[in-house]
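Below is one structure, written out as structure tokens, with a few remarks after it.
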Number of protein chains: 2
Amino acid sequence: MRTALCDRFGIDLPIVGFTPSEHVAAAISRAGGLGVLGCVRFNDAAELDKVLHWMDANTGGKPYGVDVVMPSTVPTEGSSVDLTKLIPDEHRAFVERTLAELGVPELPEGTDERAGVLGWLHSVARSHVEVALEHPIALIANALGSPPPDVIAQAHDHGVPVAALAGKAEHAVRHVDNGVDVVVAQGYEAGGHTGEIASMVLLPEIVDAVGERAPVLAAGGIGTGRQAAAALALGAEGVWTGSLWLATREYLETMPESEAMQRALVGATSADTVRTRIYTGKPARLLKTRWTEAWSSPEAPEPLPMPLQNLLVAPAHDRIHAAADPSVVSMPVGQIVGRLTEIRAVADVIEGLLADFESAVDRLDGVRGS
Amino acid sequence: MRTALCDRFGIDLPIVGFTPSEHVAAAISRAGGLGVLGCVRFNDAAELDKVLHWMDANTGGKPYGVDVVMPSTVPTEGSSVDLTKLIPDEHRAFVERTLAELGVPELPEGTDERAGVLGWLHSVARSHVEVALEHPIALIANALGSPPPDVIAQAHDHGVPVAALAGKAEHAVRHVDNGVDVVVAQGYEAGGHTGEIASMVLLPEIVDAVGERAPVLAAGGIGTGRQAAAALALGAEGVWTGSLWLATREYLETMPESEAMQRALVGATSADTVRTRIYTGKPARLLKTRWTEAWSSPEAPEPLPMPLQNLLVAPAHDRIHAAADPSVVSMPVGQIVGRLTEIRAVADVIEGLLADFESAVDRLDGVRGS
């Protein structure tokens, strides 16, 4: 399994793995793929810096990338204190009432409360970029399309290519016009922010629209080698995977408190996700749990726009996380969750994917046959 | 491009083409695929019988199938006169008002009004099966899952295999348990009735669930050879295509008044569809037009359950059809509509698909490379 992407990034396998866990990202890179560390969890750039130093020491010299969340235009900005004034009381009350109904306790007295997830703020995402560029990163990906032009220029000045997610062919064209180097075609079935066009249709459209100018990675629905083979048959130069890595042993090394979440993922089918605005204010696919169901009840308020919705729910997420109840989880995941049936090591996941890829290509060769 | 499906059905290509047009169905069969004629448009079984006689004379001795719409449990039944009493005045008034607002004129004086589309009724669908079994059909497909057990038995008594659509793996298992011979895995991106799981995820799940017991056809998002290659890599034994055939010359031979609809399809992108209950009462993907938009306005009533919704809108569809305005069309179509950029002959569509399939397999062979 080798494409031009491998030469471009100096990797053995055209498998890009997005994850908020540095242990997972490093393991993906060590196994021959490109681990991409999600930065949104770092409120503090110094904290990210420390983790990237760890990455530098633990990827065995293999390339890795980072993923930031940065709208191309600067949204409502300010400190979390300013912004929280914009959150209506009705929304706060709904969250409190819902957590009580779901049996999610308050955080223990004295817990250090996080001030929301500031990674969603433009200024914080910019500080992530600044810090990341001091490390030997191979890619900056932006989960919200093209970053602002000066950020793209800054990355290019450091010789670092930029990737951007696209849910429509016209967005992909705009990204490449803006100087983006790699397009991630994010199909409807993907976890996190996603559009309405499914991978089977979206991917070849984006390849036809920009494939001559930029490599296209397939995101959404990729969890097995068969799906990777399908993506490459559709013209992708590689695959962008995310959900797959949530059910790994290495994930627990970074976030040991995630066992309940992993139990929930392993128990879910492909029908157990929902595309909703409750996580960030923009449509994102999440695991369907009692928490997401509460938000789809008729009494639930409309989600707030980005970045307010995340500021609203971030403290609730902390409580949900601490409660460790698999029936009340708030986690972005794609429809591929139905394939997550056990917790495995990253290297085993990749080995299985490669074997399945070979079978799929063999099958297709047989089909061409006569 | 050859799979076990070819031997099973005595066809050259594992391409099944669903269409309400006998001219298209016959052309697909003549070109080496399996044309499947949609029967729902026939209110009168004698009319279907006549068209099947035409098929027998025009497929050049090649196999063809039929598609009926039959819930496995008998729904509200009765003549159209009985059922129409169950349609609320509010719904009728909304339809009348909307047609006026969209500038859709009344049918000309003296036009023979159809009594709704009775093909959705159980008794009518049964009459379709009766008539079809008097012809040398190679397949009966049911667009609503397993047909009732006695209908499956009746088909098998005539040596005719039965296919059923499935949008979840558990439905596919139930179909095969019920005696269904071929499963059509219908992804979210498909036109017409569809579930929420996209083809990239759904198809291999269904193959893993029933692939040892029944061949699986990939439906949803299949319009090019690349997509056919992806589907076969994912384990399908063939592809089930529908939207593709709406933009063919042969379609106009059956329904010459469909030029406005074809213009609308050719002008649409993959983002121009909507999944809604307004066509039949169950979620179905339609071309997004001023008609579907009107139904998503806050003043629009909730769609009625099947079969009432179709009885409500069928006379409106007749008026819309006669008005021939590409901006007001009511037509089931999948996200693949973005690939329909010109009106072609069926044989040319198939030729293009095969060439694209070969390129995709070549590309994948190159990827395996080192």
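The values are calculated or read from the model by the stated rules, or taken from the named source; none is laboratory data. It should be emphasised that the depicted structure is a prediction, and the values quoted were computed from it without experimental measurement. So basically every Cβ, Gly included, is an ideal-geometry build from the backbone, and we count neighbours across all protein chains shown.
The table below lists the values:
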| item | result |
| --- | --- |
| Filter result (in contact with a Gly (Cβ under 6 Å, 6 or more places away or on another chain) and surrounded by fewer than 24 Cβ atoms within 10 Å (Cβ to Cβ)) within region A:12-33 | A:12, A:13, A:20, A:30 |
| Yes/no for residue B:221 being outside any strand (DSSP E or B), within 12 Å of chain A (Cβ to nearest Cβ), surrounded by 24 or more Cβ atoms within 10 Å (Cβ to Cβ) and not polar (S, T, N, Q) | yes |
| Residue that is farthest from the other protein chains (Cβ to nearest Cβ) [pool: residues in region A:224-278 that are part of a strand (DSSP E or B) and in contact (Cβ under 8 Å) with a residue 40 or more places away in the chain] | A:248 |
| Sole exception among (1) within 16 Å of the chain's Cα centre (by Cα); (2) among the aliphatic types (A, V, I, L, M); (3) more than 24 Å from residue A:351 (Cα to Cα) for residue A:316, by number | (1) |
| Matching helices (runs of 4 or more DSSP H) fully within region A:30-145 where at least 2 residues are at pLDDT 95 or above | A:45-58, A:89-101, A:122-132 |
| Residue in region A:270-284 that is over 20 Å from residue A:98 (Cα atoms), under 17 Å from the mean Cα position of the chain (by Cα) and modelled with pLDDT of 95 or more present | yes |
| Options A:299, A:293: the member that is part of a helix (DSSP H, G or I), surrounded by fewer than 18 Cβ atoms within 10 Å (Cβ to Cβ) and acidic (Asp, Glu) | A:293 |
| Test for residue A:318: is it charged (D, E, K, R), in contact (Cβ under 8 Å) with a residue 60 or more places away in the chain and either within 14 Å of chain B (Cβ to nearest Cβ) or over 22 Å from residue A:232 (Cα atoms) (or both) | yes |
| Answer residue from region A:1-29, given it is part of a loop (DSSP other than H, G, I, E, B) and away from chain B (no Cβ under 14 Å) and is nearest to the chain's Cα centre (by Cα) among those | A:20 |
| Test: residue B:343 is more than 12 Å from chain A (Cβ to nearest Cβ) and either charged (D, E, K, R) or crowded, with 16+ Cβ neighbours inside 10 Å (or both) | yes |
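Per-residue answers, yes or no, for (1) without any contact (Cβ under 8 Å) to a residue 12 or more places away in the chain; (2) buried (at least 23 other Cβ atoms within 10 Å of the Cβ); (3) outside the structural domain of residue A:356 (by TED's automatic domain parsing):
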{"site": "A:173", "(1), (2), (3)": "no, no, no"}
{"site": "A:177", "(1), (2), (3)": "yes, no, no"}
{"site": "A:180", "(1), (2), (3)": "no, yes, no"}
{"site": "A:195", "(1), (2), (3)": "no, no, no"}
{"site": "A:202", "(1), (2), (3)": "no, yes, no"}
{"site": "A:212", "(1), (2), (3)": "yes, no, no"}
